[in-house]
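Taking it in order: structure first as structure tokens, then the write-up.
Please treat every number below as a calculation from the coordinates, not as lab data. Since the model is a prediction, treat every value here as computed from it, not as a measurement. Ideal geometry is used to build each Cβ from the backbone, glycine not excepted, and the neighbour counts take in all protein chains shown.
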Amino acid sequence: MTWIQVQASRLNGFKALNSETFGFLPSLTRCESWKSCLIGGKITMRNSARIICMLVLSLGAASASFGQTVKEVRKTLPLSADGVVSIETFKGTLVITAWESPQVEVLAKIEPDGASSLDAEKVQNTEVRIETSGGGIQIKSDYGRLNQNSNGFDDNEGSLPLINYTIRMPATGRLNISDHKSTTRIEGLRSEV
């Protein structure tokens, strides 16, 4: 039984499978495979275009709904060769690589640590603070807006979002990390961490 025949049998009780509503579907249910339908000429170009449009719209809607739960922060700041980068985070990943450029490039992706709508809302209420201070750069994961909801009650039910950092910094720069449970990878730094 082909995929189309399975789908048609699921719709059997709806009486929607007729030539008036979905004129192209009965010809699909008689096909052995998509390839035989296309080569055998049982699907017209118009019906093929309908199928492709439905698939594209479905994929577009699905990717749009998944993409709304991730928030990105990008920032590049100058830093001297012996400057200090300080990172304060809670959970996620830290990937830090050295380069010869006199600047720090930060990419932070804030992602839910669950699949509920509350987890997606927490992403929107989580911030990444990137500031310069006395010859250094401070990067901080800020969950402060999650602690209270509009009623003033603690709204920290469930998991905090993940913050995944990708940072490039001068090879001779100094690095300070304050972290709770992130996976950390550091490559190419010539100074102590």
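Over all other residues within a Cβ to Cβ distance under 11 Å of Gly136, the charged ones net out to -1, with Lys and Arg as +1 and Asp and Glu as -1.
If you take all other residues with their beta carbon under 11 Å from the beta carbon of Val70, and give Lys and Arg +1 and Asp and Glu -1, the sum is 0. Could you compute the net charge surrounding Glu100? Neighbours are other residues with a C-beta less than 13 Å from the C-beta of Glu100; K and R count +1, D and E count -1. Neighbour charge sum, excluding Glu100 itself: +1.
Between the amide H of Leu94 and those of Tyr165, Thr183, Thr184, Arg185, distances stay under 5 Å, these residues lying 5 or more places away or on another chain, with hydrogens modeled in the peptide plane.
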